[in-house]
Amino acid sequence: MTELNFHELAKQGNPEAIASFLHSKWQSEDITVAVNLNGDCLEVILDGSPVPAQDKSVEFVRSELTDLQPDSIRLVKVDGREIGQLTSVWSEEFTLDGKTFSQQNLPEESSSNIMVANREKNMETVNSIEAIQPEITGLENRLRSTFIVVGIVTGILAIAVAAFVGKMLNEPVATAGKNLEATPNVATAPDPFRDAVNSAVKAADLGRAAKTKDEWSVVANRWQEAVSLMRRVPPSSPHYELAITKVAEYQKYLIYAQESAVTLPSPTPVTAEKESAEKANSKKSNSEKESAEKANPKKSNSEKESTEKAKSKKSNSEKESTEKTTPSR
């Protein structure tokens, strides 16, 4: 920083620049200058060993600041104290127009007493610290032990909570296979082949009872649904080849139902098959009945002839016995 800039900062009221400015103007290197700005009051603290002379120091600060005329500063307070001490030995205030507001001169005896008192306070503080040092050490040890115990307990609790949560999460997975029968609401993969067969069965049942065009329209919708579902059977399904055959079969029933929804139908293929089966069963029953009737007369005649022969033999035998037992006259 150039001297011109340094001087400008001090003139603008910068405390650090003013302190450096005064220190550079001071003839003695045994005195340090510290500056604080409190509103419009500039506090100048002069530290030296021995304590800087009051009159000379105040006159020097007054002269330099009057020439400088720093901005926004109305009042200047100058304190003199010994290096290493916090209490000022003397203090004096003045304005930059030359007026002195207050002046405090402390006798050397008071300064010495203050120094002695400060030393005694420092010794007492050191002794107090040394006296309570064992207690502080013990407290630190107890706190360290407490922190260790708390950390161990916290770790154990964290492990227990983690184990409990893990158990709760794994339990449904472990028991899922055991409770399949107890959980009927478990979602299963759709089976288009089974759904198509169910729809076809429903369509056939409705077709047997259908009489009006609206009823046949419902039957046609059912067959259409069965055809659509059967076409969805994937090639990986074991029913794939059967599904291809069923699609053609259901398509015939669908066409028949659609035609029946327009005009009254003739007997449905399903009904025709049923009637053929009934006729075949009826013929079979009649044939078995005739065979039974033919066999029964032959059996009846044979049994009748055997009975008559047995009776005839018995009669002849009884007659001969009677003739033998009757004496002749």
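The values are calculated or read from the model by the stated rules, or taken from the named source; none is laboratory data. Just so we're clear, the structure is a prediction, and the values are computed from it rather than from any experiment. Cβ coordinates were reconstructed from backbone atoms using ideal geometry, including for glycine residues, and neighbour counts include every protein chain displayed.
Quick look at the values:
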| read-out | value |
| --- | --- |
| Flag for A182 being outside the structural domain of A243 (by TED's automatic domain parsing), outside any helix (DSSP H, G or I), at pLDDT below 80 and more than 27 Å from the chain's Cα centre (by Cα) | yes |
| Qualifying residues in the stretch 188-227 (those that are part of a helix (DSSP H, G or I), free of Cβ contacts under 8 Å to residues at least 12 places away in the same chain and of a type in the set (S, T, N, Q)) - the one surrounded by the most Cβ atoms within 10 Å (Cβ to Cβ) | N221 |
| The stretch 70-112, residues that are closer than 28 Å to F6 by Cβ, modelled with pLDDT under 85 and not aliphatic (A, V, I, L, M) | D71, S72, D97, G98 |
| Checklist (1) crowded, with 18+ Cβ neighbours inside 10 Å; (2) touching a Cys at 6+ places or on another chain (Cβ under 7 Å) applied to L75, failing item | (1) |
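Residues checked against (1) modelled with pLDDT of 65 or more; (2) loosely packed, with under 10 Cβ neighbours inside 10 Å:
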residue	(1), (2)
R232	yes, no
P235	yes, yes
E259	yes, no
S291	no, no
K298	no, yes
